[in-house]
Amino acid sequence: MKIAVLGLNHGFTLAQRAKKMTGITLVAVAGNNASAKERAKELNVPLYEDYRELIDKCMLDGVIITLPNHLHKEAVKYCADKGLHCLVEKPIADTPDAAQEMIDFCREKQVQLLVGHHRRYSAKINHLKHLLDSKVIGDLIGVNMIWALAKDHDYYKEAWRVKAGGGPLLINGIHDLDNLLYVTDLKIESVYAVGKNKIRSGEVEDAVTAILEAEDGTVIQYFLSDGVPSPWSYEFNLKENPIYHFYEEDCYYFFGTKGSLAFPSFRCYQYSEEAYGWKHPLIEKRYLPEDTVDPIASELAHFEEVLKGRIGPRVSGEAGLRTLEVLEAIKLSIREKRSVALQEVISK
């Protein structure tokens, strides 16, 4: 299967993995800065400054789109119009309306649209989903999630990262929110959030606290910041990406009627029926997964199967849209300083 990668930030990682796969041929890449030129040389493939020229000139089966969020819609529609299946990096788009337009256009052109929520391929995330589905901790009552770390000082020198559509909510928080929706199958009903830019004093948030309420009454508390030194984040705790230091800590906690579960340690705390309540010691168990996988490699292998017509997308455009709607409700709540019902942001 012949593919191209548009955008060489996160796209560079995907391109590197694609080069190692026997069933995929990386034909070309698109990028328009000095870093893109160096990375194209390392990949030993042609570089196009304009992705449209790449699409027009190269024979392809599919395209991986990792351009800035606000360019996703334009790029997906251009590729789909040429009959090319698309794997678009998360978030699916910068607004729910743009995402719905992409979904509708791909359906009209009969091309597959996949969203790059690659953590849905993680063995640990899928083990967590299995444990929650099997009611190890009973009915879910509450969730506490943390994503707190300090990015390099140079990270925000790229202009799009300090404009609307950039910032840690759309770049990083979207991952945690998608993990939440995937492992719990919760339908979020309303959101109240506070976002501040106390660290960088920029246009986009650098710290957020959000309270999410699900239709079944489950309550979720989420704290996010990209400007505080901290060991509590998915990247630092899962050991799935070697570029990050590893800290043996937990970033998610799930509270149920029969016990509580920490992730990714999978420490579970419960009482026995014979000695139940706070005057008795908790019983600790560990429900560790049996295997591990590289989520990005699994995502690319899945994309190959989709390109061959063997299966449909594991993370559809509709799934990406549902996650984006929750994030959009958080953003609206921050702007208007009020509780926001999900119905207010759902794309019609």
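The values are calculated or read from the model by the stated rules, or taken from the named source; none is laboratory data. Here the structure is a predicted model, which is why all the values come from computation and not from measurement. Cβ atoms come from the backbone with ideal geometry, glycine included; neighbour counts cover every protein chain shown. Side chains are part of the model used for accessible areas, which takes the heavy atoms of the whole protein and leaves out ligands, DNA and RNA. Shrake-Rupley method; radii C 1.70, N 1.55, O 1.52, S 1.80 Å.
Per residue, the chain exposes 47 Å² of accessible surface when a 1.4 Å probe is rolled over the protein heavy atoms with every protein chain present. Charge tally around residue 15: other residues with Cβ under 11 Å, Lys/Arg +1 each, Asp/Glu -1 each, net +3. For the chain, the residue among 317, 65, 192 whose Cα projects farthest onto the positive side of the dipole built from Cβ charges is 65.
Which one, 11, 309, 31, has the greatest fluctuation when you compute a Gaussian network model over the chain with C-alpha springs under 10 angstrom? Ranking 11, 309, 31 by mean-square fluctuation puts 309 first.
With one equal scatterer per alpha carbon and no solvent term, the Debye-computed log10 I(q)/I(0) for the chain at 0.09, 0.13, 0.15 1/Å reads -0.51, -1.05, -1.37. Helical runs assigned H by DSSP (4 residues or longer) give the chain a calculated mean residue ellipticity at 222 nm of -9500 deg cm²/dmol, each run adding -39500 (n - 2.57) before division by the residue total. The distance separating the Cα centre of region 160-212 from that of region 260-295 comes to 28 Å. Between residue 199 and residue 279, the contour length at 0.36 nm per residue exceeds the Cα-Cα span by 24.5 nm. The share of accessible area on region 202-348 that comes from carbon and sulfur is 54 percent, using a 1.4 angstrom probe. Across the alpha-carbon atoms of region 200-277, the computed radius of gyration and Dmax are 16.4, 56 angstrom.
Secondary structure note: in the chain, about 55% of the DSSP beta bridges are antiparallel.
Region 302-348 and region 138-155 have their alpha-carbon centroids 19 Å apart. In the elastic network of the chain, a GNM with C-alpha springs shorter than 10 Å, the most mobile of 302, 118, 245 is 245.
Taking a sphere under 14 Å around the Cβ of residue 259 and counting the other residues whose Cβ falls inside, with K and R at +1 and D and E at -1, yields a net charge of +2. Neighbours of residue 139 by Cβ distance under 14 Å: Lys/Arg scored +1, Asp/Glu scored -1, total -2. For a distance above 16 Å, tell me the whole-number percent of Cα pairs in region 144-271 that qualify. When all Cα pairs of region 144-271 are counted, 66 percent exceed 16 Å. Relative to the longest principal axis of the Cα atoms of the chain, the long axis of helix 295-307 lies at roughly 50 degrees. Heavy-atom accessible area for residue 248, with the other protein chains in place and a 1.4 Å probe, reaches approximately 150 Å². Output the pairs from 2/37; 198/331; 90/331; 109/129; 20/90 with a Cα-Cα distance over 27 Å in this structure; if there are none, say none. Where the Cα-Cα span goes over 27 Å, the pairs concerned are 109/129.
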